[in-house]
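In what follows, a structure is listed as structure tokens, so that the remarks can point back to it.
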Amino acid sequence: MLRLINIIVIGALVVAAAWVYEIKYASTRQAERVAKLRSEIRREHDAIAGLRAEWAQLDNPDRIQILAKRHLTLKPLEPTQIDTLDRLPERPVEIVPPGTADPIGALIETMVDPEVVTGAVPDREGDQ
């Protein structure tokens, strides 16, 4: 009986040692994964910082002004180009009232000559 208990205890110790080894190995893998992710995050932060620096250089107003002068044929704004609001032309009359469910159908209904809408050619009196 004592030998059986000794064998069971030894077996339990072997199983416990294997289980502890598996936990240690899994934790080592997770620690390596965390270190790898931190390294990738650091690399991405560096890339973002480099892109922000590049964007700041590209977004520099002086640089944009130089490029605009070089590539665009813009002229300075003349004071005569600015006008008052009372000299603006009137807004065109809306043919279709706003909120119409079928604006194309309402537009066709407002047309006087339906043959003009379809593009049909009127018959001549002698032709048939």
Practice task
With respect to Val117, determine if the residue is part of a helix (DSSP H, G or I) and modelled with pLDDT under 75.
Solution key: yes
Handout entry: Any hit, the range 73-90, residues being among the β-branched types (Val, Ile, Thr) and surrounded by 10 or more Cβ atoms within 10 Å (Cβ to Cβ)
Key = no
Practice task
Give just the number: which of (1) part of a helix (DSSP H, G or I); (2) in contact (Cβ under 8 Å) with a residue 12 or more places away in the chain does Val96 not satisfy?
Solution key: (1)
Exercise for the section: Would you point out the residue of the range 91-114, among those that are aliphatic (A, V, I, L, M) and surrounded by 10 or more Cβ atoms within 10 Å (Cβ to Cβ), that is modelled with the lowest pLDDT? Expected result: Met111
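The values are calculated or read from the model by the stated rules, or taken from the named source; none is laboratory data. The structure presented is a predicted model; accordingly, all values stated were derived computationally and were not measured. As a convention, Cβ positions derive from the backbone with ideal geometry for all residues, glycine included, and neighbour counts pool all protein chains shown.
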